[in-house]
Every structure is written in C-alpha cells, then in structure tokens.
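**Q** I'd like to ask some things about the structure below.
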Amino acid sequence: MSSPSTQPEAATIKPKYNLRNPLPLSAAQEQEVKQLYYKRVRSLCAPEIKAFAECAVNRTITATWICREQRLAMNSCMVAHAKPEEEDRAREEWFATHEERRKAKEEELAKVEKRREEVIRMMREDQARQAAAAAAAGGK
C-alpha cells in the first residue's frame, strides 16, 4: 500500500475537461450548449437567413413558393453547418466560458445580497423612527 505522500504529483492535479468524454451535464447546461450551437450555426448562415427574411416580409403562405430559392439556400446552409463538429465547438466554448459565467453569477448574487441587507437596514431604521415618533406623540 502506498501512502498519499508517495503518489505521483500528476495524480493529485485536477484534469481539464475532456471533450470526447465530458462530464455529464445537467439538462440546463445541455440546453445552454445547444443555444450556443444554434447561435453559432445561425451566425454562419446569417446572409442566407437575412435574404430569406427580407423576401418573406409581408408574406404568409406565399413565402413558401415566392422565396423558395432563398429558403432552400438557407436550409442547405443550416444543414451544412449543423454537424457534430460544430456542436463540439459549442461545447468547447461552453466549457471555456464556464468559470467566467460562474464568477458573474456569484457577483450578481453578492450584489443582490448587499441590496437585500441595505433594504432590511432601511426598514429597521424606519421602524425605529416610527416607534420614536409614536413614543413622542404618546408622551404629550
């Protein structure tokens, strides 16, 4: 049996995320990855999407026929870019910005807590003022 002090240092270092066999993500985290993925695909096909949207303005059912060329261009672009490699890139981006999002969330929670404490302090001061005013009015 080896003691913890004799184990190699590499065993104690926390490994980076492995994108080929990533940690299981929660449903909400997977949804965030999907949103990044769709955003990336839409940004790659932005000109085609814009062309279809401009053609479809003020049209309803007729947009299907009148804007057929733009629609097919948009769909083929989306299919061409909606690949597992793009989803892997979105997952990489999610993991790369995970720490930054966590820190931003902690900062936001700290701001909320600070404001909550301020509101509680103001409420107590107001209650003390009202009690002092009631005592002064009752003493007259």
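**Q** Scan the range 13-40 for residues that are open to solvent by 80 Å² or more (accessible area, probe 1.4 Å), modelled with pLDDT of 90 or more and either of a type in the set (Phe, Trp, Tyr) or in a loop (DSSP other than H, G, I, E, B) (or both) and report the count.
**A** Number of matching residues: 1.
**Q** So the check is Cβ under 8 Å with 6+ separation or different chains; which pairs have a first residue in the range 25-45 that's closer than 20 Å to Met74 by Cβ and of a type outside the set (A, V, I, L, M, F, W, C) and a second one that's modelled with pLDDT of 90 or more and open to solvent by 70 Å² or more (accessible area, probe 1.4 Å)?
**A** none
**Q** Tell me, which residue of the range 41-73 that is part of a helix (DSSP H, G or I) and touching a His at 6+ places or on another chain (Cβ under 8 Å) is nearest to Arg89 (Cα to Cα)?
**A** The qualifying residue nearest to Arg89 (Cα to Cα) is Val41.
**Q** Is there a residue being out of contact with any helix residue (DSSP H, G or I) (no Cβ under 8 Å at 6 or more places or on another chain) and more than 22 Å from Leu36 (Cα to Cα) anywhere in the range 81-91?
**A** No - not one qualifying residue is present in the range 81-91.
**Q** Please go through the range 88-99 and pick out each residue that is assigned to a helix (DSSP H, G or I) and under 11 Å from the mean Cα position of the chain (by Cα).
**A** Those that are assigned to a helix (DSSP H, G or I) and under 11 Å from the mean Cα position of the chain (by Cα): Trp94, His98.
**Q** Right, something else. Cβ-Cβ under 7 Å, sequence separation 6+ or interchain: first residue in the range 59-72 and farther than 21 Å from Cys45 by Cα, partner basic (Lys, Arg) and in a helix (DSSP H, G or I). Which pairs?
**A** Pairs that qualify, where the first residue is farther than 21 Å from Cys45 by Cα and the partner is basic (Lys, Arg) and in a helix (DSSP H, G or I): there are none.
**Q** Among the residues of the range 58-74, are any closer than 30 Å to Ala28 by Cβ and either surrounded by 13 or more Cβ atoms within 10 Å (Cβ to Cβ) or out of contact with any Lys or Arg (no Cβ under 6 Å at 6 or more places or on another chain) (or both)?
**A** Checked the range 58-74: at least one residue is closer than 30 Å to Ala28 by Cβ and either surrounded by 13 or more Cβ atoms within 10 Å (Cβ to Cβ) or out of contact with any Lys or Arg (no Cβ under 6 Å at 6 or more places or on another chain) (or both).
**Q** Can you tell me which residue among Arg89, Arg102 is in contact (Cβ under 8 Å) with a residue 24 or more places away in the chain, under 30 Å from Leu25 (Cα atoms) and open to solvent by 80 Å² or more (accessible area, probe 1.4 Å)?
**A** Exactly one residue qualifies, and that residue is Arg89.
The values are calculated or read from the model by the stated rules, or taken from the named source; none is laboratory data. Note that the structure is predicted; figures quoted are calculated from it, not measured. Neighbour counts run over all protein chains shown; Cβ positions are idealised from the backbone, glycine included. The protein model used for the area step is the full one, side chains on, heavy atoms only, and it has no ligands, DNA or RNA in it. Shrake-Rupley method; radii C 1.70, N 1.55, O 1.52, S 1.80 Å.
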